[in-house]
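What follows is one structure encoded as C-alpha cells, with my remarks underneath.
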Ligand code: PMP
C-alpha cells in the first residue's frame, strides 16, 4: 500500500503552519470544525472574482457561470453520497437546519402517542428539533440506551421498536465518543416496520464516504465546515418520494412555481426547499473540498487516521489518572478523556498555552454527559492532516499538565 504523505497534505492547509502562543499549532479540534485546503479557498476566491451573480436567473453570462458552478457542486455532493439524483440533494445552512427541516416536514405525519426514536448519544441538534415537533404534535422522543463502552445498546433498540415508532433519527458517528454506529442494520430493521429513518452524518463524512443507497436511509445530513469546506452550508439528502410529500420549510423566492394571492404552488425538487438566494460561493467551496478529498488515497488516509487513534490509545497509560470515555470497537479518531483531579476546561486552557487546540465541555451532548456522570470531557479529534508526532506532543503536554496540577 502506498504510504500516505501527511507532510504533503499539510502543505495544502495554510492555517496549520503557524505558531500559537509561541508554539507550533497542533490542531486537534477537527470535530468542532475542520480546516480548509487551499483548493477550497481558491475556488471561492475565483468564484467571487470571475463568476459571481445570482443563480437560476438565466439572463446573462455571469448568471449562467454562477449557476453552472452551483449546480456542479450539487452533482459533486450527489456523487459523494452516491445518491440517485440531484433532486435529492438540498442545500441547507448545515446539519442543524437540515434536521429542523426534516422534523418540520414530517410533523404532519405525527399524532399524539407516536414515538420518535433517537439515542442517548445524540448531539443536541438531533434531539431538540424532535422535541419541538413532539411538543406540537403530542408525539414522544424516546432515547436508545448507550453501553458503558459507548455503543448503542442493541437490546435497548430492539425493545424500543414498536408499533408507535414513526421515526428513527440517530447519529452515524458520535461527536463525543467517536463510535461508528451499526446504522445500516438499524435502518434495515426500522424500514421493515415502515419507520422513517434519518442519519446524522456530521461526524462521519470527515472520515469516510457514506453510500446512501447502500444504507437505504430516508434522510442523511451533514455540515460542510466539518468536511473541510466553508461554514454556512450543509446538505440534506432525502429520498425523492418523501421530499415530494413534505411541505416546504420556508417560503420566499426560488421555492415557488407560481405565486398569486389566490393560490401559490411549489417549485420542483430540490428548489422547493431552497427559499431565497442560496449560499452560492459556499456550495462551490464545498464542491471543491469534496473534489480535493477525492484526489487523496482514501484507503491510505483511513489507515493513517486509525494509526493516530491507536497511538493515542496506547499512550493513555503514560498519563497517571487519565481515562478514555468511549472505547467502542469501531471508532473514528476522536478521543474524549478525563484526568483525575483536573477539570476539563483547565486541561484545555493549559494545552492551549502549549499551542495545542482541543475542545472541552459538554460537546452539545448533555444527556450523554449525564449518562457518564461528568460535567464535560476533554476531546481530541483528529483529521487526516494530523501526524503521529502531534499525538506524541499532545501526550507530552498532558503529562506536564498532570505533573503540575493534578
Ligand atoms: N450532529 C453532530 C453529530 C455534530 O457533531 C454536530 C456539530 N458539532 C452537529 C450535529 C451540528 O452541526 P452544525 O452545528 O454544523 O449544524
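What follows is calculated from the coordinates using simple rules that are stated; it is not laboratory data. What you are looking at is a predicted structure, and each value in this text was computed from that prediction instead of being measured. Cβ atoms come from the backbone with ideal geometry, glycine included; neighbour counts cover every protein chain shown.
General remarks:
- Single residue of the stretch 184-206 satisfying the filter (part of a loop (DSSP other than H, G, I, E, B) and within 12 Å of the ligand (Cβ to nearest atom)) that is surrounded by the fewest Cβ atoms within 10 Å (Cβ to Cβ): 204
- Of all the listed residues (285, 252, 276), the sole one being within 16 Å of the ligand (Cβ to nearest atom) and either over 30 Å from residue 399 (Cβ atoms) or part of a loop (DSSP other than H, G, I, E, B) (or both) is 285.
- Looking only at the stretch 349-368, residues that are within 16 Å of the ligand (Cβ to nearest atom) and surrounded by 19 or more Cβ atoms within 10 Å (Cβ to Cβ) come to 6 in all.
- Whether a residue is away from the ligand (no atom under 13 Å from the Cβ), assigned to a helix (DSSP H, G or I) and surrounded by fewer than 16 Cβ atoms within 10 Å (Cβ to Cβ) was assessed, and residue 257 does not pass this test.
- The residues of the stretch 364-406 that are touching a strand residue (DSSP E or B) at 6+ places or on another chain (Cβ under 9 Å), farther than 26 Å from residue 293 by Cα and not in a helix (DSSP H, G or I), listed by number, are 374, 375, 376, 377, 378, 406.
- You will find that of 83, 98, 34, 112, the residue that is within 16 Å of the ligand (Cβ to nearest atom) and part of a loop (DSSP other than H, G, I, E, B) is 34 and no other.
- If only residues of the stretch 62-80 that are touching a strand residue (DSSP E or B) at 6+ places or on another chain (Cβ under 7 Å) and away from the ligand (no atom under 16 Å from the Cβ) are counted, the one that is farthest from residue 225 (Cα to Cα) is 78.
- Every residue from the stretch 119-135 that is outside any loop (DSSP other than H, G, I, E, B) and either away from the ligand (no atom under 16 Å from the Cβ) or surrounded by 24 or more Cβ atoms within 10 Å (Cβ to Cβ) (or both): 119, 126, 130, 133, 134, 135
- Of the residues making up the stretch 333-357, those that are assigned to a loop (DSSP other than H, G, I, E, B) and either touching a helix residue (DSSP H, G or I) at 6+ places or on another chain (Cβ under 8 Å) or within 13 Å of residue 380 (Cα to Cα) (or both) are 333, 341, 342, 354.
- Residue pairs meeting the criteria (Cβ under 7 Å; at least 6 apart or on separate chains; first under 14 Å from residue 201 (Cα atoms) and in contact (Cβ under 8 Å) with a residue 60 or more places away in the chain, in the stretch 220-231; second near the ligand (Cβ under 8 Å from one of its atoms) and part of a strand (DSSP E or B)): 221/200; 221/234; 222/234; 223/234; 224/234
Let's see how each residue does on (1) in contact with a strand residue (DSSP E or B) (Cβ under 9 Å, 6 or more places away or on another chain); (2) within 30 Å of residue 178 (Cα to Cα); (3) free of Cβ contacts under 8 Å to residues at least 12 places away in the same chain:
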site	(1), (2), (3)
26	yes, yes, no
39	no, yes, no
45	no, no, yes
52	no, no, no
56	no, no, no
60	no, no, yes
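- Selected residue [closer than 25 Å to residue 95 by Cα and within 22 Å of the chain's Cα centre (by Cα)] from 368, 309: 368
- The residues in the stretch 228-249 that are within 18 Å of the chain's Cα centre (by Cα), over 11 Å from residue 94 (Cα atoms) and within 16 Å of the ligand (Cβ to nearest atom) can be counted, and the count is 3.
- Some residue of the stretch 330-338 being closer than 28 Å to residue 9 by Cβ and surrounded by fewer than 20 Cβ atoms within 10 Å (Cβ to Cβ): yes
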